[in-house]
1. Looking at Thr37, is it over 21 Å from Met207 (Cβ atoms) and of a type in the set (Ser, Thr, Tyr)?
2. Any chance you could count how many residues in the stretch 1-24 are outside any loop (DSSP other than H, G, I, E, B), farther than 16 Å from Ile81 by Cα and touching a strand residue (DSSP E or B) at 6+ places or on another chain (Cβ under 9 Å)?
Amino acid sequence: MTSTNDDGQRQTLRALKHVVIDMDGVLYRGSEPIAGTAEFLDFLRRQGIGLMLATNNATRTPQQFVDKLTGMGVAVEPGEILTSSLATASYLAGITARGTRVFVVGQEGLRMALRQAGFELVEEDAEYVVAGMDFEICYPKLAEATLQIRAGATFIGTNPDKTFPSERGILPGAGSLLAFLEASTGVTPTIIGKPETAMMEQAMEQMGAVPAAAAVLGDRLETDILAGQQAGMATLLVLTGVTTQQMLAESEIQPDLVFDDVAHLHAAWKEALGD
């Protein structure tokens, strides 16, 4: 399945030297790998196509993602993973000093990234409230974040994903928590993850890529695909995550190419390169 003709598809795929790949809904759903993932990544490496796994998921550290993928039979290195936690810590490091007091709504992936960047994680008198997905969220934590923002702390969100795909179905995401805090404070957060271009630019910098020869591969129109478009990259959509055929037909955001899954993309890319 593709959104362009075969010649256009082959031309687009042949031009790519680097690809930024989302994980949730592209390589796996929850704890279940999507068929063809390991073979697809092996193909990219054999062809010398640089890859970076860039996810809005702020709950895990890069090593935890490596461990998760390893358990699925997919081999990656920590340096091949970029999370919205790392991008958020990098953003904060660029606008404020080490030691700045930060209140966190989130899990270890976000907390570790902020600690490693030199920030002090606190429970009161914060200068920044940084919020991402938190699977152990409770009302007291949301109430404290609300009070901190209302007291003047700057509100930062790791990513706007309202939902995420799991083996059980579509579940609430970080964007749902941000919506709660925005409703309770009247303050709109500064978003760091996709669709903002910061993660795409950071991923390309780490790979030594240029937009004209790079693509983003994802399952969400409003984050992955929009981020790629705003960064000047080619955009590849798979239908194994959040986006459905109906959503695609009704959206103003249209990717360059559409595939059922990474196995179909692998086959098309292999054909385009004459492999």
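1. No; evaluated as a whole, the condition is false for this residue.
2. 4
All of the numbers you see were taken from the coordinates with simple rules; none came from a lab. Every value quoted in this text rests on a predicted model; they were computed, and no experiment measured them. For neighbour counting, all protein chains shown are included, and Cβ atoms are generated from backbone atoms with ideal geometry for every residue, glycine included.
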